[in-house]
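Some notes on the structure that comes next.
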Amino acid sequence: MTLLDAIILGIVQGLTEFLPISSSAHLRVVGELLMPGQEPGAAFTAIVQIGTEAAVLVYFWKDITRIIGRWCRALVGRVPQSDPDVRMGWLVILGSIPIGVLGLAFESQIDHTLRNLTITACMLIGFGILLGAADRWGRQDKDLTNLGVRDGILFGLAQALALIPGVSRSGGTITMGRLLGYERSAAARYAFLLAVPAVFASGFYKAAEELPPLLTASGRAEAAAHGEPSLAGILVATVVSFAVGYAVIAWFMRFISTGSLTIFVVYRILAGVLLLVLIGTGVLDPLAGSGAAAAPAP
């Protein structure tokens, strides 16, 4: 992976992380187009997401610090547990449990088997249709003051589906929100807050595994020999994803307050169909990131 590849992938991550179109799917596909026969890998994807999630921290800084501050004060009895910010703090913790448990339990499948591009294409199409149906027929009579334990868990389960490339973290949680009757902007806001602990935990967990070897000369040489991301490439992609991601959050929060999700539904379906065509014509190897080699053509 060259630095130019890293910059392009950072831009892709920033553009797609907060839109309901699956950033992991786009990194997977664009990565293989840039590096035929290879792809960035689940670890690179998880680490670069730290950049976009840092953009969430900056954009929602006042909300996040207020929620954390009041939640901590509630632990020592200085703020009642019924306080909306305290309740939101507990719901973010509760909603983060499913993706944490499932992410650790199925780490091998997530890093390999589920990165099959055929699965990704099917998820893009299938969840695109589900997102469209939920947005079309879902009620819009709830805001975040209506969020309770049951809904918090359901949001968390929907976020956990994003462990499968093609589902989309924001797409899964916004779809669940619309099915539960939440306004688009409320569903998106909670989706972004809910992603913070999950993405940072996953990113730093993968960073602890992948980055130490890159600090040694032998590790850097081995990564270069296999075309794997360098430490500089990972850092550049992360910084670029932060800058682009912040701009996308600002735009998306304005857009979703009045616009429908139809454009993203159409995009997902077209992208999924195109991906199946590229797989069927041999342009992309569906198994390049799944830990198995594709069967040779007869």
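Rule-based calculations on the coordinates, nothing more; no lab input. What you are looking at is a predicted structure, and each value in this text was computed from that prediction instead of being measured. Heads up, the Cβs are rebuilt from the backbone with ideal geometry, glycines too, and the neighbour counts pull from every protein chain shown.
Round to the nearest 10 and give me the degree value, 0 to 90, for the angle of helix 61-75's Cα axis relative to the longest principal axis of the chain.
The angle comes out near 60 degrees.
In whole Hz, what ³J(HN,Hα) sequence does segment 184-199 give by Karplus (6.51, -1.76, 1.60; θ = phi - 60°), x for Gly and Pro?
Each residue of segment 184-199 in turn: 4, 5, 5, 4, 5, 4, 5, 4, 5, 5, 5, 6, 4, x, 5, 5 Hz.
Kindly put Arg178, Arg78 in sequence by how many other C-beta atoms sit within 10 Å of each C-beta, fewest to most.
Ascending Cβ contact count within 10 Å gives the list Arg78, Arg178.
To the nearest 10 degrees, how steeply does helix 169-179 sit against the main Cα axis of the chain, on a 0 to 90 scale?
Compared with the principal axis, the helix lies near 40 degrees.
Taking the structure as given and computing log10 I(q)/I(0) by the Debye sum over Cα atoms at q = 0.08, 0.12, 0.16 Å⁻¹, which label from (i) -0.56, -1.02, -1.32; (ii) -0.34, -0.76, -1.30; (iii) -0.37, -0.86, -1.52 fits?
(ii)
Name the residues whose placed amide hydrogens come within less than 5 Å of the amide hydrogen of Leu147, ignoring near sequence neighbours (fewer than 5 apart) on the same chain.
none
Check which residues have an amide H placed less than 5 Å from Leu284's amide H, if you skip close sequence neighbours.
Here the answer is Ile279, since their amide H atoms fall under 5 Å of that of Leu284.
Within a 10 angstrom radius of the beta carbon, how do Thr2, Thr45 rank from fewest other beta carbons to most?
Going from least to most buried by this count: Thr2, Thr45.
Just the Cα atoms of segment 47-137: what Rg and Dmax do they give in Å?
Over segment 47-137's Cα set, Rg and Dmax evaluate to 18.2, 53 Å.
Taking θ = phi - 60°, what integer Hz values does the Karplus form 6.51 cos²θ - 1.76 cosθ + 1.60 yield along segment 263-279, in sequence order, with x for Gly and Pro?
Computed from phi, the couplings for segment 263-279 are 4, 6, 5, 4, 4, 4, 5, 5, 5, x, 5, 4, 5, 5, 5, 5, 5 Hz.
Mind listing the phi-derived Karplus ³J(HN,Hα) values for segment 24-38, rounded to whole Hz, using 6.51, -1.76 and 1.60 with θ = phi - 60°, and x for any glycine or proline?
5, 5, 5, 5, 4, 6, 5, x, 6, 5, 6, 10, x, x, 10
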